[in-house]
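See below for the structure under consideration.
The values are calculated or read from the model by the stated rules, or taken from the named source; none is laboratory data. Computed from a prediction, not measured in an experiment: that's the story for all the values here. All Cβ positions, even for glycine, are placed from backbone atoms using ideal geometry, and neighbour counts span all protein chains on display. We work out accessible area using only protein heavy atoms, side chains counted, and drop any ligands, DNA or RNA first. Shrake-Rupley method; radii C 1.70, N 1.55, O 1.52, S 1.80 Å.
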Amino acid sequence: MKKTIKFLPVLFLAVLMSSCSSVRVASDYDKETQFNDYKTFAFFKPGIDKAEISDLDKRRILKAVEAELMAKGMTKSENPDMLVSIFTKSNQRVDIYNNAWGVGAWGWGGFGRWGWVPGWGAWGPGFGWGGNNVSTRTEGILFVDFIDANKKQLIWQGSGTGYLATKNVEKKEARIKEFVSAMMTKYPPEASTK
């Protein structure tokens with residue numbers, strides 16, 4: 001029993017760190033749309049220009065989206081069936097830990113850059129001995145919109161939620177691919193392909 005208690009903090013930290021790396025995805029779509037009819041795509045520059053992230057990250061996201069769509073048999077075109085746009089949003093999460101392991105409260109703060117800002121206590125993310133420790137991190141949401149090029153109507157939207165910011169370029173590119181790949185498992189919607 002004593003050995004189990006000694007390993008609980010390590011287990012809790014491992015679960016916390018693995019949950020930080022996961023991407024949560026969701027999608028919504030127009031049930032009347034026949035997604036099999038869409039064979040070509042292009043990027044919707046006016047929408048993409050409004051995304052509040054760096055141009056480098058925009059290019060990384062668009063490259064990942066393009067690769068996923070081409071893997072699904074679509075082709076990029078000057079006269080597309082579908083337009084692709086992206087935008088981002090972020091929420092700041094504040095966790096208050098009481099006496100190292102007890103969670104006191106948490107809530108959402110204002111909006112900031114897309115990425116993750118760690119709050120480090122004495123022993124790791126938001127942990128320490130005695131008193132309250134506060135951990136703040138920014139969770140980013142990436143939205144990918146598919147728009148019918150003729151009707152100019154949104155037909156599908158995917159979202160991926162998680163952290164992104166890292167100083168390592170290779171890790172950042174891998175993280176963006178993870179976001180987009182996880183999101184694109186939802187496209188095309190199964191109900192519309194039957």
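Which links in Lys50/Lys151; Lys31/Lys63; Lys39/Lys172; Lys39/Lys171; Lys151/Lys177 stretch past 26 Å when you go from one Cα to the other? Please report the intermediate quantities before stating the final value.
Numbers: Lys50/Lys151 21 Å; Lys31/Lys63 28 Å; Lys39/Lys172 30 Å; Lys39/Lys171 32 Å; Lys151/Lys177 30 Å.
Checking Cα-Cα distances, Lys31/Lys63; Lys39/Lys172; Lys39/Lys171; Lys151/Lys177 exceed 26 Å.
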Under 5 Å, built H, 5+ apart or other chain: amide partners of Asp81: Lys39, Thr40, Phe41
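May I ask you to derive the FRET efficiency for Phe43 and Glu190 from their Cβ-Cβ distance with R0 = 30 Å, giving the value to the nearest 0.05? Provide the component values of the computation, followed by the final result.
Values: r = 26 Å, r/R0 = 0.85.
After rounding, the FRET efficiency stands at 0.70.
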Distance (nanometres) between label positions extended 7 Å along Cα→Cβ at Thr166 and Asn36: 3.9 nm
Efficiency of FRET between Asn150 and Lys89 - r from beta-carbon atoms, R0 30 angstrom, step 0.05: 0.60
Probe 1.4 Å - accessible area at Asp55, Å² to nearest ten: 100 Å²
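At 0.36 nm per residue, minus the direct Cα-Cα distance, what do Lys50 and Ala174 gain on full extension? Give it in nm, one decimal, please. Show your work: numbers first, answer last.
Numbers: separation 124, 0.36 × 124 = 44.64 nm, distance 2.35 nm.
Difference between extended and current length: 42.3 nm.
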